[in-house]
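Student: Right, I'll just put the structure down here and ask away after.
Taken together, the values in this text are just the output of simple stated rules run on the coordinates, not laboratory data. All figures in this text were calculated on a predicted structure; none of them were measured in a lab. No Cβ is skipped: glycine too gets one built from the backbone with ideal geometry, and neighbour counts run over all protein chains shown.
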């Protein structure tokens with residue numbers, strides 16, 4: 001979709017969501033932002049308002065289905081949503097000395113169910129009026145599970161597959177659905193990482209790539225292109241034993 005005027009972004013207080021909000025902000029733009037850090041969300045809100053946007057922000061946990069449905073419905077009532085970006089997520093790795101069940105439940109609550117709670121009410125509203133766009137933020141980890149992040153990888157694989165399936169299902173109703181699979185992008189979050197991040201992207205080109213993909217209604221939006229090619233090669237040609245050996249050296253906590 002070109003030139004959306006009413007945009008909702010989850011996880012808008014940091015990382016990719018923060019930079020998307022600031023980039024979309026401008027005159028005649030209405031932004032709906034949610035996050036879980038009050039100070040950061042307030043700072044993003046003020047930065048977007050300074051650029052002329054009308055901003056409605058709220059503290060909310062995307063894992064709360066009832067709260068999310070009420071919030072998204074209320075946002076749409078204020079200004080019908082053109083674009084919804086299901087961005088909120090957590091990315092902790094895993095080590096075998098942790099409780100795998102508890103860890104997986106925690107990650108899925110936000111990375112998978114949080115996405116469901118965001119897009120389901122938005123889909124119903126957009127289908128009814130015959131227009132709208134929804135972007136689901138997956139990851140390049142959605143192409144192949146990482147040994148040190150099983151729950152994170154599984155959640156992103158699920159988001160990718162779900163979005164790809166919904167795209168064809170809702171296209172006849174005028175709803176555009178896109179899956180975004182980013183690699184490493186410079187942000188406050190990645191700045192604290194203590195491990196190599198190949199092809200780390202500057203924020204500006206990453207946001208441009210994402211927005212360009214949405215404007216063109218690309219089914220899958222992946223960046224950086226170098227890492228996308230590498231993951232594509234890995235999925236198709238790299239033997240599983242070699243993949244496991246290579247990626248086992250990645251940190252278990254991110």
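Student: Quick one: Debye curve from the alpha-carbon atoms of segment 73-195 only, equal weights, vacuum; give me log10 I(q)/I(0) at q = 0.16, 0.18, 0.20 Å⁻¹ to two decimals.
Tutor: For the requested q values the scattering log ratios are -0.80, -0.95, -1.09.
Student: Once R0 is set to 45 Å, what does the formula 1/(1 + (r/R0)^6) return for the Cβ-Cβ distance between residue 200 and residue 105, expressed as a FRET efficiency to the nearest 0.05?
Tutor: Result of the calculation: an efficiency of 0.90.
Student: Among 223, 108, rank each residue by its count of other Cβ atoms within 10 Å, from fewest to most, as a rough exposure measure.
Tutor: Lowest count first: 108, 223.
Student: Now for a separate question. Within 10 Å, count the other beta carbons around each residue, average over each peptide in 25-38, 4-17, 205-218, 147-160, and list them highest first.
Tutor: Answer by packing, highest mean first, reads 4-17, 147-160, 25-38, 205-218.
Student: A further question follows. Specify the inter-centroid distance of segment 19-72 and segment 129-175, based on alpha-carbon positions, in whole Å.
Tutor: Each part reduced to its Cα centre gives a spacing of 22 Å.
Student: If R₀ is 30 angstrom, what is the calculated FRET efficiency for the pair residue 90 and residue 165, using the beta carbon separation as r and rounding to 0.05?
Tutor: Plugging the Cβ-Cβ distance into 1/(1 + (r/R0)^6) gives 0.80.
Student: Evaluate the distance, in nm, between pseudo-label points positioned 7 Å from the Cα of residue 208 and of residue 69 along their respective Cα→Cβ axes.
Tutor: If labels sit at residue 208 and residue 69, their model points lie 4.2 nm apart.
Student: Taking neighbour Cβ counts within 10 Å as the exposure measure, how do 82, 64, 76 sort from fewest upward?
Tutor: Listing 82, 64, 76 from fewest to most nearby Cβ atoms yields 64, 82, 76.
Student: Starting from the Cα gyration tensor of segment 11-92, take the square roots of the eigenvalues, sort them a ≥ b ≥ c, and report rounded, prolate or oblate (rounded when a/c is under 1.5, otherwise prolate if a/b is larger than b/c, else oblate).
Tutor: oblate
Student: Right, another one. Label residue 37 and residue 49 with points 7 Å out from Cα along Cα→Cβ: what is the distance between them in nm?
Tutor: 2.0 nm
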